[in-house]
Amino acid sequence: MDKRVEKKKLSLNERYAAMSHGLNWDTTYQPMDKVFPHDKYEGITIRDWNSWQDPFRLTMEAYWKAQGEKDKKLYAVIEAFAQNNGQLGVSDARYVNSLKLFIQAVTPQEYYAHRSFAHLGRHMRDDGLRMACQMQSADELRHFQTQTHAMGTFNKYFNGMHNPAHWFDHLWYLAAPKSFQEDAFSAGPFERLVAISFSFDTLLSNLLFVPYMSGVAHNGDLSLVITSFNAQSDTTRHMTMGLECIKFMLEQDAGNLPTVQRWIDKWFWRSYRLMTLAAMMQDYMLPKRMMSWKESWEMYVEPAGEALFKDLAHYGIRKPKGWQQACDGKDHISHQAWNAFYGYGHATAFHTWVPEASELDWLNKKYPNSFERFYRPRLEHYAQRQAEGKRYYTKTLPMQCQTCQMPMIFTEQGNPRRTAYHETQHAGETFHFCSAHCEDIFVNEPEKYVQANLPVHQILQGQCFAQDADSKAAGFDADAAVLDFCQINAGRDNLEFKGSEDDIHFENWGGGQDMQEAQL
Ligand code: ZN
C-alpha cells in the first residue's frame, strides 16, 4: 500500500505568497513592455517593481469569503428596514432629498471607479498592485450595488430617484462628478491612483463616509448607514493604497517628484470642488443635525492632512496648492452651494427649501464668522418672498467651470463678496474658471479640457431637446423641452419641497411620527 502523502499546511504568509505573487509570470511570447504599455508613458520611473508592498495582503479566496459574509448581514438589515416601512421612520421627508443627491452624484461614481480599477488592474505590470486594483474594482462594484439596493426602498415611495444613470450623463449639476471620473479614467494609471486613491480616498473620503453617514443614522435611515459600515473595511484598504502608491513612486526615483506633486495639486483641488455637494448635504439636507461641514473639515481633514504632509515632506512633497483656500472655504461653500441650488431648483431632480428658523439659528451657531453676515439675510429674503407666494427661481442655468464643471458660484479666497471668475485664452477661444486652481489645471493640459462637454453650453446650443421636439414651433417651451430631454418629471422631481408630492405623501402616510415621539 502506498504511503499517504501528508499535505503540508501552509502558514498564512506562505499561503498568501503562493496564491498571489507565486501565480505571477513574466510574459515571453510578447515583451512585457508591449503587454503593459500604459505604466511607462506618463514618465514615472519605476526601478524595482518588487519593492511594492501590497497594502491589501489578501488572497482572492479570502477576499470573496469575507465580502460574502459581510453582505449576508447587510442584506438582512436592508430587508428588515423595508419590511418595517423604515422609509416612514426617517426624521422628515426633506431628508430623502439628500438620498436623491447621493444616488445621483455619488453612487454612479462608484460604478465609474469599478470600471477604472478594472482597467488599472489590467495595465499594471506588478502583480501585487494588479491584484489590489482588481479587489478595489470589485469593492466599488459592490458599493454601487449595495447603495442602490439600500436606497431602492425609498425609490418606491419618493420622486427623484428613478433614473440616476441617465441623469448622471445629462444633468448640469452632475457634470462635476461625471467629468471628475472621466478625467481620472482618461489619465494614465499612476495619475489615476493619485486622483482616486490618494486625493479623493485618502485625503477627503472620510468627510462623506463618517460625518455624513452619522447624520444618515441620526435621521433614522438604517438602510443606507449599514452600507457604509459594510464598506468601511474596503475604504480603509483604499486609503492605504493611495498613500502606499505615492510613497512607492517617490521612493523609486527622485525624478518622479515634480509630476507627483503636480498631480496632487490638481487632484486635491478637483476632489475638493466635488466635495461641495457633500458640504451642502451635510449642512442643509439632514433635517436632524449633528455636526456641521466646518466641524467635519476641522475634525477629519485638517489634522490628518497636516500630519500626512508633514510625513511626506521627507520625500519633498508639500501640501497641495489649494490646501489653504480649501481650509478657508469651510466657512462658505455649503451656504454658497445651497443658495445656488435653491435658485436653480426648477432644474434639479431633487427639492430645495429655506431652512426653518431654528435651523438658521443652528447654522448661526456653527458658522459665527460667516453665516449671519453673508448667508442668513439671503435665506430670510427667500422665505419672505415665499410667504408672499413668490418663491424665487433664477429661471436660468449657471455658467460652468471649464475644468471642474461645477457651477461658478464660489467667491474669491479672503473676499466672500466677490464671485470668483477667471478666464484664459487658448487657440483663439476664451475659457472660464471657478478659481485660479482650475485655471492652472487647464493651462497645464488645455487640450484635455477644451473638449469638455458642458451641459449648460449644450442646452444653450439647442442640443438638449428631445428628438421629436420642434424648437421652431409657435409656443415652443425650451425649459420644458430640456426637462423632458433630461427625463425630469416637471412638478414632481424638481421645484420647492413645501407642498411637493413627497411632502404631502409623507404627511398623509404618518411619516416621521416615531422620530417626533422620540424627541418628546
Ligand atoms: Zn473649477
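The values are calculated or read from the model by the stated rules, or taken from the named source; none is laboratory data. Predicted model only: the values in this text are computed from it and were never measured. Because the Cβ atoms are built from the backbone with ideal geometry, glycine has one as well, and the counts that use them run over all protein chains shown. Heavy atoms of the whole protein, side chains included, go into the accessibility calculation; ligands, DNA and RNA do not. Shrake-Rupley method; radii C 1.70, N 1.55, O 1.52, S 1.80 Å.
Kindly flag which residue pairs out of 288/390; 288/330; 100/498; 70/288; 156/366 have an alpha-carbon separation exceeding 24 Å in this structure. Those over the limit are 288/390; 70/288; 156/366.
Straightening the chain between residue 461 and residue 156 buys 106.2 nm, computed as 0.36 nm per residue apart minus the Cα-Cα spacing.
Using a simple spin-label model with pseudo-atoms 7 Å out from Cα toward Cβ, residue 71 and residue 12 lie 2.4 nm apart. Two numbers describe the Cα atoms of region 259-308: Rg and Dmax, which are 13.2, 44 Å. Using a/c under 1.5 as the rounded threshold, could you call region 53-120 rounded, prolate or oblate? The axes a ≥ b ≥ c are square roots of the C-alpha gyration tensor eigenvalues, and prolate needs a/b larger than b/c, oblate otherwise. The shape class here is oblate.
Assuming a ≥ b ≥ c are the square roots of the Cα gyration tensor eigenvalues, decide whether region 408-520 counts as rounded (a/c under 1.5), prolate (otherwise, with a/b larger than b/c) or oblate.
oblate
Positive-end ranking of 495, 134, 179 along the dipole of the chain, with charges on Cβ about the Cα centre, is headed by 134. Based on the alpha-carbon gyration tensor of region 1-101 and its eigenvalue square roots a ≥ b ≥ c, which shape applies: rounded if a/c is under 1.5, prolate if not and a/b is larger than b/c, or oblate? Here region 1-101 falls in the oblate category. Just so you know, the Rg over Rh for the chain is 0.99, from Cα atoms, with Rh as the Kirkwood radius. For the chain, excluding the exposed loop sites themselves (trypsin sites (Lys or Arg not before Pro), DSSP loop, at most 11 other Cβ atoms within 10 Å), the longest remaining stretch covers 157-389.
Annotation: Cα Rg of region 183-302 relative to the compact-globule expectation 2.2 N^0.38 Å equals 1.17. Modelled spin labels at residue 53 and residue 295, positioned 7 Å past Cα toward Cβ, are 3.6 nm from each other.
Of the chymotrypsin sites (Phe, Trp or Tyr not before Pro) found in region 422-512, the ones in coil according to DSSP and having at most 13 other Cβ atoms within 10 Å of their Cβ are 476. Based on protein heavy atoms only, region 255-315 ends up with 31 Å² per residue of surface accessible to a 1.4 Å probe. To put it simply, the accessible area of region 338-458 at a 1.4 Å probe is 46 percent carbon and sulfur.
Helix content alone sets the calculated 222 nm mean residue ellipticity of the chain: runs of n ≥ 4 DSSP H residues at -39500 (n - 2.57) each, divided across all residues, give -16000 deg cm²/dmol.
Per-atom-type breakdown for region 11-147 gives carbon and sulfur 55% of the accessible area (1.4 Å probe, protein chains only).
Think of a 1.4 Å ball rolled over the protein heavy atoms: region 138-253 then has 26 Å² of accessible area per residue.
Taking region 249-292 and a reference point 7 angstrom along Cα→Cβ of residue 314, the backbone N atoms nearer than 15 Å belong to 249-252. What region 383-431 shows is 57 Å² of accessible area per residue, with the surface traced by a 1.4 Å probe over protein heavy atoms.
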